[in-house]
Amino acid sequence: MSAPVFDALRFQAASFDVIAASHAPPSLLAQRQTSRLERLLQAAQQGSAFYRERLPATPVAADFARVQPVMRDELMQRFADWVTDPALQLDELRGFTAGLARVGEGFKGYMAWESSGTSGRPGVFVQDAATLAVYDALEAVR
């Protein structure tokens, strides 16, 4: 069994951040949103061959409409090009998520799951501890 992905300290810090942001003026929230989106898109371009092809070379956070939507089917077909951690292999992830015995268990430092495929094709999703902390904080505090 791998180490748990949940990190209580990160969760507490993210919760405090969510609470503080809920009292911020709209202009600060908009600035924060743009900054976070820009960092996310930069990380995608740096870590993913797929997104280096898809995203414009110039910053797009201020004009997010320039980013073309991506469908799950395309992401799953090009998983090796899309994923930003080369240690994650689609066949291994599918094997890991295939049974109920590993629900809640981490996979190579990530939480991993597969969708039911109601949109036509199941998607495999992974989140690291920092992302989970933000998600959990948003769910807990809002």
Taking the options VAL103, VAL18, name whichever one is within 26 Å of ALA140 (Cα to Cα) and touching a residue at least 60 places away in the same chain (Cβ under 8 Å).
VAL18
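This table checks each residue for (1) assigned to a helix (DSSP H, G or I); (2) within 25 Å of ARG121 (Cβ to Cβ); (3) not hydroxyl-bearing (Ser, Thr, Tyr).
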{"residue": "PRO4", "(1), (2), (3)": "no, no, yes"}
{"residue": "GLN12", "(1), (2), (3)": "yes, no, yes"}
{"residue": "VAL18", "(1), (2), (3)": "yes, no, yes"}
{"residue": "HIS23", "(1), (2), (3)": "no, no, yes"}
{"residue": "GLN31", "(1), (2), (3)": "yes, no, yes"}
{"residue": "GLY104", "(1), (2), (3)": "no, yes, yes"}
Taking segment 37-93 as the search range and keeping residues that are in a loop (DSSP other than H, G, I, E, B) and among the charged types (D, E, K, R), which one is surrounded by the fewest Cβ atoms within 10 Å (Cβ to Cβ)?
ASP85
Could you list all residues from segment 106-122 that are small (Gly, Ala, Ser), out of contact with any strand residue (DSSP E or B) (no Cβ under 9 Å at 6 or more places or on another chain) and without any contact (Cβ under 8 Å) to a residue 40 or more places away in the chain?
SER116, GLY117
Can you name every residue in segment 123-142 that is outside any helix (DSSP H, G or I), touching a residue at least 24 places away in the same chain (Cβ under 8 Å) and not acidic (Asp, Glu)?
GLY123, VAL124, VAL126, GLN127, ARG142
Quick check on my filter: what residues within segment 55-79 are in contact with a Leu (Cβ under 7 Å, 6 or more places away or on another chain) and more than 14 Å from GLN45 (Cα to Cα)?
PHE64, PHE79
Pairs, first under 16 Å from ALA65 (Cα atoms) in segment 31-48, second part of a helix (DSSP H, G or I) and at pLDDT 90 or above, C-beta under 8 Å, six or more apart
LEU41/TYR51
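The values are calculated or read from the model by the stated rules, or taken from the named source; none is laboratory data. Just so it is clear, the model here is predicted, and its values are computed rather than measured. Glycine gets a Cβ as well: all are built from the backbone with ideal geometry, and neighbour counts include every protein chain shown.
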